[in-house]
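The values are calculated or read from the model by the stated rules, or taken from the named source; none is laboratory data. These numbers come from a predicted model, not from an experiment. Cβ placement follows ideal geometry from the backbone for every residue including glycine, while neighbour counts extend to all protein chains displayed. When the accessible area is computed, the model is the full protein with side chains, heavy atoms only, and any ligands, DNA or RNA have been set aside. Shrake-Rupley method; radii C 1.70, N 1.55, O 1.52, S 1.80 Å.
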Amino acid sequence: MRFNIKSVEKLPIRGNLDVPRGARALVILVGRSFFFPWIAEVLCEERFAVCRFDSDKLDDVRAAVRYCQTRMALPTFLFGYAQGGDMAIVAAEDVLNLRGVVTWSAAARMNGYDILGAASRLTVPLLIVHGERDESVPVAASAEIAAAAPDVSRVVISTASHTYNSIHPLVNVPRELMLAADVTARFIAAYS
């Protein structure tokens, strides 16, 4: 289901909320990636409702979470890729019924936000997934975030790049992307 809500600046936030029959959790995808439509399909097949939207501003993340949570009372997870992962960590303290946070290829530092401080204040489990061959964000960033978080699982995929070896357009799903998606789905299922 497509949705269109207003940001605090009264600008449109456009998104999709896909709800499979018998949904057992709500996953909010934070940030942007060409592989998010595929990830949404994978998670829906696991019976997770998935929200994707076109912004990664902190207030917009909060607005999307509120919109989805008013439509369904499900355990909620934030799942962010790259800067979206940083935003998911920061936004976590404001999310009701939050059960976990997932980051893929997140940085330990971002302009204007204390990522490590926010990670240290997490009250839910954190899954960190990172590619050892990430050419954009050094894998050491995932170790810094993991060291700050109180309840963390960290998975480093030795052969994965920043995009988990996927290329745009996503025609073939590489093993590394499939592995990251599988670990993520298992984490969400375990904490739902």
Carbon + sulfur, % of accessible area of the chain - ligands and nucleic acids excluded, 1.4 Å: 50 percent
Square roots of five times the Cα gyration tensor eigenvalues for the chain, Å: 23, 19, 16
Long-range amide H partners of Val152 with built H, under 5 Å: Leu126
Distant-in-sequence amide H partners of Ile13 (H built 1.01 Å from N, under 5 Å): Ile5, Lys6, Ser7
Protein-only accessible surface order, largest first, of Met87, Met178 at 1.4 Å: Met178, Met87
Gaussian network model of the chain, Cα within-10 Å springs - most flexible of Arg99, Arg109, Arg71: Arg71
Qualifying chymotrypsin sites (Phe, Trp or Tyr not before Pro) in the stretch 1-88, DSSP loop, other Cβ atoms within 10 Å at most 12: Phe34
In Hz, Karplus ³J(HN,Hα) per residue of the stretch 114-122 (6.51, -1.76, 1.60; θ = phi - 60°; x = Gly, Pro): 9, 5, 5, x, 5, 4, 5, 9, 4
For the stretch 81-90, 3J(HN,Hα) per residue [Karplus equation, 6.51 cos²θ - 1.76 cosθ + 1.60, θ = phi - 60°, Hz, x = Gly/Pro]: 10, 6, 4, x, x, 4, 5, 4, 5, 5
For Val102, distant residues with modelled amide H under 5 Å away: Leu78, Phe79, Gly80, Leu127
The chain: most fluctuating residue of Asp56, Asp18, Asp94 per GNM, C-alpha cutoff 10 Å: Asp94
Accessible surface, the stretch 1-155, averaged per residue in Å² (probe 1.4 Å): 45 Å²
Pairwise centroid distance, computed over Cα atoms, of the stretch 71-144 with the stretch 22-68, Å: 14 Å
Theoretical FRET efficiency, 1/(1+(r/R0)^6), r = Cβ-Cβ of Arg32 and Asp59, R0 22 Å, to 0.05: 0.85
Highest-fluctuation residue, Val42, Val27, Val171 considered, GNM on the chain with Cα pairs under 10 Å: Val171
Computed Kirkwood radius, in angstrom, where 1/r is averaged over Cα pairs of the stretch 26-101: 12.1 Å
In order through the stretch 44-60: 3J(HN,Hα) via Karplus (6.51 cos²θ - 1.76 cosθ + 1.60), integer Hz, x for Gly, Pro: 5, 4, 8, 6, 10, 6, 10, 10, 10, 8, 9, 8, 10, 6, 4, 5, 6
